[in-house]
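Bear in mind that the values in this text are calculations on the coordinates, not laboratory data. This structure is a prediction, so every number in the text was calculated from the model and none was measured. Don't worry about glycine lacking a Cβ; one is built from the backbone with ideal geometry, like all the others, and counts go over all protein chains shown.
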Amino acid sequence: MALKDEMISTATGTIVSTIMRKGLDKLCIYFPGLELKAAKNFVDICKKTSAYLTEKHIPLEQCRQIMDKLGLVFIPSASVETEPELQDLWAHYLANALDPNFEQSKLRVAYMDIIKSLDLSDVRILEYCRRQKTGEIFKADPVIDSTALGISQYHISIENLKRLQLVTVPLAIGAAGVVGDSFIEENNSQFRLTAFCHAFFEACMS
């Protein structure tokens, strides 16, 4: 317990530390062997959160209290994440939740389910799309080249992003199904972002 408290003390301010203690205590009832790993993951996310709040010029004493519903879902979900790129998404979400200037209605609980369902290849595709200044339709080849993903990884990621309602793809002539007299299939060689995806960017990637 002493080591856990020491790790928690390095987290960002009293608000996050208090939430963290409550969440980890509940988590460790069921997974005692993961206590320190979960603590370390959460500390890493809190450090990133602190950096994002500094970028926003928001001192800790001005941070608002996190809504209970968000906190109860956030803590056990974020604590299992070990990948830095995915931790960034959790940290952005937490920073916006603490930011008194960020509209609370934009912090949907569903976004946490999305982050849990993303893999690194998915995040790299989303990050590539977010950074593009123009163009509503994204084509496979530039995305694959820019993200250094294999063709198989790209198609698997697009399928997952479709499942999460973050992207949509056009219909193309093929042999997957029949609509009227035409064979119709989805064509992953190009896609566009959904309105839901743009809202996710605002809450979790900026």
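Model label sites at residue 132 and residue 159, defined 7 Å from Cα along the beta-carbon direction, differ in position by 2.2 nm.
Between residue 148 and residue 37, the distance separating the two model label sites (each 7 Å from Cα on the Cα→Cβ line) works out to 2.6 nm.
Decide, for the range 103-148, between rounded, prolate and oblate: order the square roots of the alpha carbon gyration tensor eigenvalues as a ≥ b ≥ c, take rounded if a/c falls under 1.5, and otherwise choose prolate if a/b is larger than b/c, else oblate. Oblate, because a/c is 1.5 or more while a/b does not exceed b/c. For the pair residue 105 and residue 83, label points projected 7 Å from Cα toward Cβ lie 3.3 nm apart.
From the square roots a ≥ b ≥ c of the eigenvalues of the alpha-carbon gyration tensor of the range 39-108, which class results: rounded (a/c under 1.5), prolate (a/b over b/c), or oblate? Oblate. FRET efficiency for the pair residue 65 and residue 120, taken as 1/(1 + (r/R0)^6) with r the Cβ-Cβ distance and R0 = 25 Å, rounds to 0.20.
Ordering of 154-167, 83-96, 48-61 by packing is 83-96, 154-167, 48-61, highest average first (other Cβ atoms within 10 Å, averaged per residue). Charge tally for residue 90 (other residues, Cβ to Cβ under 9 Å; Lys, Arg +1; Asp, Glu -1): -1. Decide, for the range 68-131, between rounded, prolate and oblate: order the square roots of the alpha carbon gyration tensor eigenvalues as a ≥ b ≥ c, take rounded if a/c falls under 1.5, and otherwise choose prolate if a/b is larger than b/c, else oblate. The shape class here is oblate.
Of the peptides 138-149, 114-125, the ranking by mean beta-carbon count within 10 Å, highest at the top, reads 114-125, 138-149.
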